[in-house]
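Chemist: Pasting in a structure now, in C-alpha cells, and then I'll have a few things to ask.
The values are calculated or read from the model by the stated rules, or taken from the named source; none is laboratory data. All figures in this text were calculated on a predicted structure; none of them were measured in a lab. Virtual Cβ from ideal backbone geometry, glycine too; neighbours counted across all protein chains shown.
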Amino acid sequence: MVSPPGPAPTTDAVRPATDGTPGPLPAGYRWQQDEEGFRFPIPTDAGVWQRRVSNGNIYYTPDGQKHLIQFAVSVGEQGSPLDHLRSMAADDRTLKDYKEVKLGATTVNGHEGAYWVFTYTATDKAANPGPRKLFEEEFKDSDGTAYAILLSAPIADATAAEQRFTMILNNFTVTRRSQSGG
C-alpha cells in the first residue's frame, strides 16, 4: 500500500487470500498476471488491453496509447527512486506546456519510493496529441528490484485515470522475482 504524500490509499485495496491467490476485485477490474513477475488490476470498461514491450518497458493500452499503463522492472538499479524521478523531471521540463503537479518521496509496502504527477501537451501525432496527465510511482522491493508504474491519459480523463492509477498502486503485487532485469 502507498503511504502519503503520494496517491492516497483507498478502501479499494484488495487483500490476497492466505494461499497467495488474489482476492476479488471491484466491478470494472480484473487481475492481469504479467509474465515479468507481477500482477495488477486492469480496467475492464475501456476495451481489450494489449500488451507490448519496447526498450525494456511493458505497455498496456486498449486504444493505441490514448490511455496507457506502463511498467518497468529493473534489477540492480542505482540511486533512490526520488533521485531517478527528479532526473526524469529535469529532462521532461522541455515538453510542451509541462507543469509539475507534485514530485516527492513516499513509501510503498514499507519500501523507499517516489511519486511524480505532471501535465503536458503531447505533440507527436502518433502518440495521441493534446493535453495529457501522467502519474508515476517508483519503488524498490526488499531485494533491491526497482519497479516503476506509470499511467498516462488525456487531461479530460484525469479523474478516472487517477482512480485507476490508485487501484493499480494499491493492488500491485510482485509474484516472482525478475530474471531479465528489464
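Chemist: Kindly indicate the residue of the range 133-155 that is of a type in the set (Ser, Thr, Tyr) and surrounded by fewer than 22 Cβ atoms within 10 Å (Cβ to Cβ) and also nearest to residue 83 (Cα to Cα) among those meeting that condition.
Modeler: 145
Chemist: Can you say whether residue 155 is closer than 17 Å to residue 73 by Cα and modelled with pLDDT of 90 or more, as far as the supplied structure shows?
Modeler: no
Chemist: Out of everything in the range 113-127 that is over 15 Å from the mean Cα position of the chain (by Cα) and modelled with pLDDT of 90 or more, what residue ends up being nearest to residue 163 (Cα to Cα)?
Modeler: 119
Chemist: Also, I was wondering about something else. Just to check your reading of the model, which residue among 64, 130, 79, 110 is in contact (Cβ under 8 Å) with a residue 40 or more places away in the chain, surrounded by fewer than 18 Cβ atoms within 10 Å (Cβ to Cβ) and either of a type outside the set (Lys, Arg) or within 20 Å of residue 162 (Cβ to Cβ) (or both)?
Modeler: Unique residue meeting the criteria: 64.
Chemist: A follow-up question, please. Give all pairs with beta carbons closer than 6 Å in which a residue from the range 149-175 that is in a helix (DSSP H, G or I) meets a residue that is surrounded by fewer than 21 Cβ atoms within 10 Å (Cβ to Cβ) and charged (D, E, K, R); count only pairs at least 6 apart in sequence or on separate chains.
Modeler: Between residues of the range 149-175 that are in a helix (DSSP H, G or I) and residues that are surrounded by fewer than 21 Cβ atoms within 10 Å (Cβ to Cβ) and charged (D, E, K, R), the close pairs are 167/12.
Chemist: If you go through the range 159-174 one residue at a time, do you hit one that is over 18 Å from residue 70 (Cβ atoms), in contact with a strand residue (DSSP E or B) (Cβ under 7 Å, 6 or more places away or on another chain) and either at pLDDT 90 or above or surrounded by fewer than 20 Cβ atoms within 10 Å (Cβ to Cβ) (or both)?
Modeler: no
Chemist: Now for a separate question. Filter the range 87-104 down to the residues that are touching a residue at least 24 places away in the same chain (Cβ under 8 Å) and either small (Gly, Ala, Ser) or farther than 18 Å from residue 154 by Cβ (or both) and list them by number.
Modeler: 88, 89, 102, 104
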